[in-house]
1. Where does helix 330-342 land angle-wise versus the long Cα axis of the chain, in degrees 0 to 90, nearest 10?
2. Just Pro45, Pro146, Pro272 to compare: in a GNM of the chain, with alpha carbon springs under 10 Å, which one fluctuates most?
3. Just to be sure I understand, if you calculate semi-axes √(5λ) of the Cα gyration tensor in Å for this structure, which of (i) 51, 23, 18; (ii) 39, 26, 17; (iii) 33, 24, 21 do you get?
4. Compute the distance in nm between two label points, each set 7 Å from the Cα along the Cα-to-Cβ direction, one at Glu108 and one at Arg155.
5. Once you put a point 7 Å from the Cα of Leu92 and another 7 Å from the Cα of Glu117, both along the Cβ direction, what distance in nm separates them?
6. At what distance in angstrom do the alpha carbon centres of region 148-219 and region 240-297 lie from each other?
7. Between Asp41 and Val144, what FRET efficiency follows from the Cβ-Cβ distance if R0 is 45 Å, with the result rounded to 0.05?
8. Run the paramagnetic zone check for Thr385: 7 angstrom along Cα to Cβ, then residues of region 129-148 with backbone nitrogen under 16 Å.
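Since every read-out is calculated from the coordinates, none of them should be taken as a lab result. Keep in mind it's a predicted model, so treat the numbers as computed, not measured. FYI the Cβ positions are ideal-geometry reconstructions off the backbone, even for glycines, and counts take in every protein chain you see.
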Amino acid sequence: MSTTSRRGLFLTFEGLDGCGKTTQMRRLAARIRTLTAAFSDYGHPVELNHHLEPAWLRAAAELETPEPVPKLAVLVTASPFDAALHDAYGKLCGASVYHCYTREHLREDLGRYLGPEFRGLHLEQFVLRDPKPRMPLYHLVGAVDPIRESDIARRLNDGLPETLAEWIDYNGLTHLKIKLNGDDLAWDRDRVLAVEACAAETMARRGTRHWHYSLDFNERCPNVGYLIEFLRQIREKSPAAFRRIQYIEQPTHRNLKAHRENVMHEAARLRPVVIDESLTDLESLRLARAMGYTGAALKACKGQAQALLMAAAAQRWNMFLCVQDLTCPGASLIHSAGLAAHVPGVAAIEANARQYVPAANRGWEEKFPGIFVIRDGYMKTGILTGPGLGAV
């Protein structure tokens, strides 16, 4: 779960305080580093991940911690090691790693990694060899981010936009991700309506006819009934705002097994509902689908191999796909944008480091201006063709 503030982002993880979580993830990272370095087999990075992930999970289970380390935390901790394998493999072959997901490089079919249902299917069928030329950028409207001038008590005057209208003008935005509370229906409804009013006014002035929203409750809706009533009120108050909702991120608790009552069938008939924090393996994706989720959020920070395999399964099941970035600056944004640009069906890229930690992108604007300098609402993802993952 994350919360945003002006020029700052704070991450919290369920079940552990921030400092304790960081310490334990560092301890786990040291073990994962040792296990990965000692692994003597060779092969394609997807195959290597298939062998290494069980060892990484065992290492997490053996850590002495107040509570068991969640699988999500293990994936996040291991993801840099997994990314390094993909990056190195592409560079060894002198090509973008996305050219290396073909049968020439990965001979086994997906049945080995995803089970009998996927026999005869190959990863190359679900991954683009070359990136999409450009993709729209999703801008984050945090729960405390100012929409209008009246929302600002004192301006930061740091050279960046501060109101939503200023950001729309600055980046030429057409996609807005709206953070909501999930525990105050009237506030959530009014927040969306306020964004819609500001966006409609600004887009009309700019001559923009089409724009979209995604909604993120950070798992805080108490039940699916809350979400359905929220959507009903949005549609009643502003049919235009309702039509602009492209998808809704996981609105209720991530523990799907413990909350089987939160089925999304009715809500997903109104707008796509995507599994996000819950997505850690094929079992969780299958359960989410059975509970009515119609989409999946991919994240490079859960591992390149895992993201590609989940993308393949989701495409096979005709699910909506999006890529979330978790405030990725610099090389990590190149990785995330590359993933989004090479997975069919992903319609836009989320990238909010430019809002909350802009200093972390310094130096990258010159290397990848089409990714880090946005003026027309689009990232120029066609430039992501370098060797490996393409960042360095």
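1. The angle comes out near 90 degrees.
2. Pro146
3. Label of the calculated value: (iii).
4. Output for this residue pair reads 5.9 nm.
5. With each label point 7 Å from Cα toward Cβ, the separation is 3.2 nm.
6. 24
7. Values: r = 49 Å, r/R0 = 1.09.
It comes to 0.40.
8. 129-135
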